[in-house]
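Engineer: Here it is, the structure, as structure tokens.
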Amino acid sequence: MTPPVVDEDLSARVLAVLREHLSPLSAALVLRRVKERASTSERLHERDLAAIAREIGPALSFYLPPDQRAPIMRAVLALAAGPRRSSIRVAIERERDVSTARLAARELATEHGAGTLVAQKIATIVSELARNIAGYAGHGAVELTVEAGPPRMMLIVAVDNGPGIADVDLILSGRYTSKTGLGKGLLGIRAMSSRFSVVSGGAGTRVEAAMPL
Amino acid sequence: MTDEETRIPIIKLWDCLLVPLQGDINDRQADMLTVDVLRRIQTQDARGMLLDVSGVWLMDSHLCAVLARLAAVAQLMGARTIISGMKPEIVLTLQAMGVGFERTETSLNLEDALQRLGISVVRHSDAGDDDVVAEALAALGVTNPERAHES
């Protein structure tokens with residue numbers, strides 16, 4: 001199933017990329033030139049990709065020599081082409097995988113247009129879940145999937161085949177202060193998620209959480 | 001990486017200890033840090049510890065618990081801990097999760113934390129100028145310039 005076209009105006013994000021390499025004035029002028037020639041409306045959309053590809057080089061050529069244009073062109077085209085992946089899976093075997101997982105989560109969220117705070121929350125949820133797997137189960141995985149909706153959501157699923165969480169209901173009721181801190185993490189995730197579920201038993205644990213992008 | 005390479009540095013700052021944290025802290029590093037901090041508090045008679053987290057981009061409930069434990073242990077040795085430099089995204093996320101530092105002080109930045117530990121800045125214009133002033137006052141027989149005009 002192809003995701004519906006997200007009619008996002010890419011102008012702001014293209015401008016941000018340009019401003020990393022050009023003065024504010026030059027960046028604005030490049031963007032304006034690209035928009036005038038590439039877009040049929042006042043905005044830049046993913047469907048304008050072919051035109052953006054045609055216009056970005058010439059627009060930059062007024063300001064930069066060819067070798068300096070290349071990285072900017074690549075970055076702008078990556079933006080216009082849209083996110084290349086809508087789901088990732090990170091295996092959690094040891095502590096350092098927790099780091100990998102949350103960085104990947106932040107990246108995926110950002111690729112799909114999440115603001116810094118939403119990306120931070122998603123990465124934090126992943127960190128909590130991955131740490132629980134590494135600390136208590138030893139072996140599992142975290143999967144992130146972008147749901148097209150609408151509304152667009154980030155779905156986070158953490159699975160392991162560890163010993164399971166005893167007294168899940170008690171922990172989630174908030175009345176029990178777990179000695180291990182596991183409870184705080186799960187309660188925190190639930191507080192931030194619009195959908196949340198935990199299924200845990202002797203065969204392992206599965207936590208699902210979803211948040212709007 | 002050896003333990004030495006990943007050991008978190010502790011910097012003496014007058015009678016305080018400055019601990020700059022970067023990235024994430026694994027359990028091994030946390031244990032080593034705790035031992036190092038306790039030893040340094042004792043040998044330097046430190047009365048304050050600044051945990052600076054401005055180099056940390058994500059704090060989850062586990063890291064908060066690690067830092068809170070570190071602060072509790074330092075307090076047992078009479079040292080006050082202030083956590084400084086939490087990024088806005090971290091603060092907002094912890095708040096949304098209902099996770100926080102109930103018993104550990106936090107501050108916006110290092111300057112604020114130092115001030116709260118009783119350390120303030122007096123900026124001198126030039127080392128040479130201070131000497132001139134000191135000599136002149138001594139020659140004039142003024143020991144306390146603040147009170148020179150009191151009768």
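Engineer: Would you check which residues across segment A:101-150 are more than 10 Å from chain B (Cβ to nearest Cβ) and free of Cβ contacts under 8 Å to residues at least 40 places away in the same chain and list them?
Structural biologist: A:E107, A:T110, A:E111, A:G149
Engineer: In addition: Sort out which residues of segment A:151-198 are surrounded by fewer than 19 Cβ atoms within 10 Å (Cβ to Cβ), in contact (Cβ under 8 Å) with a residue 12 or more places away in the chain and farther than 17 Å from A:V126 by Cβ, and write them in order of number.
Structural biologist: A:P151, A:R152, A:N161, A:P163, A:G164, A:V168, A:L172, A:G174, A:T180
Engineer: Which fully enclosed helices (runs of 4 or more DSSP H) of segment A:103-213 have 1 or more residues being touching a helix residue (DSSP H, G or I) at 6+ places or on another chain (Cβ under 7 Å), of a type outside the set (A, V, I, L, M, F, W, C) and farther than 19 Å from B:V56 by Cβ?
Structural biologist: A:116-132, A:182-192
The rows are residues; the columns are (1) more than 21 Å from B:V56 (Cβ to Cβ); (2) of a type outside the set (D, E); (3) more than 12 Å from the chain's Cα centre (by Cα); (4) crowded, with 20+ Cβ neighbours inside 10 Å.
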residue	(1), (2), (3), (4)
B:L70	no, yes, yes, yes
B:M77	yes, yes, yes, no
B:K87	no, yes, yes, no
B:T93	no, yes, yes, yes
B:D112	no, no, no, no
B:Q115	yes, yes, no, no
B:G118	yes, yes, no, no
B:R123	yes, yes, yes, no
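Engineer: Mind listing just one residue for me: the one in segment B:11-50 that is over 18 Å from the mean Cα position of the chain (by Cα), of a type outside the set (D, E, K, R) and assigned to a helix (DSSP H, G or I) and, of those, farthest from the other protein chains (Cβ to nearest Cβ)?
Structural biologist: This residue is B:M32.
Engineer: Can you find a residue in segment B:95-111 that is over 30 Å from A:I122 (Cα atoms) and more than 14 Å from chain A (Cβ to nearest Cβ)?
Structural biologist: yes
Engineer: Condition test on B:L63, is it free of Cβ contacts under 8 Å to residues at least 40 places away in the same chain and not charged (D, E, K, R)?
Structural biologist: Yes, satisfied.
Engineer: Considering only segment B:51-124, give the helices (runs of 4 or more DSSP H) lying wholly within it that have at least 3 residues that are more than 22 Å from A:R131 (Cβ to Cβ).
Structural biologist: Details: elements: B:61-76, B:88-97, B:110-116.
Passing ranges, in order: B:61-76, B:110-116.
Engineer: Something else now. Would a scan of segment A:104-122 turn up a residue that is hydroxyl-bearing (S, T, Y) and modelled with pLDDT of 95 or more?
Structural biologist: The answer is no, given that none of the residues of segment A:104-122 is hydroxyl-bearing (S, T, Y) and modelled with pLDDT of 95 or more.
Engineer: Determine which single condition A:L44 fails, assuming it passes every other condition in (1) at pLDDT below 85; (2) over 21 Å from A:T116 (Cβ atoms).
Structural biologist: For A:L44, the failing item is (1).
Engineer: Inspect all residues belonging to segment B:129-138 and state whether any of them is within 24 Å of B:R69 (Cα to Cα), surrounded by 12 or more Cβ atoms within 10 Å (Cβ to Cβ) and aliphatic (A, V, I, L, M).
Structural biologist: no
The values are calculated or read from the model by the stated rules, or taken from the named source; none is laboratory data. Small disclaimer: the values here were computed from a predicted structure and weren't measured. Glycine gets a Cβ as well: all are built from the backbone with ideal geometry, and neighbour counts include every protein chain shown.
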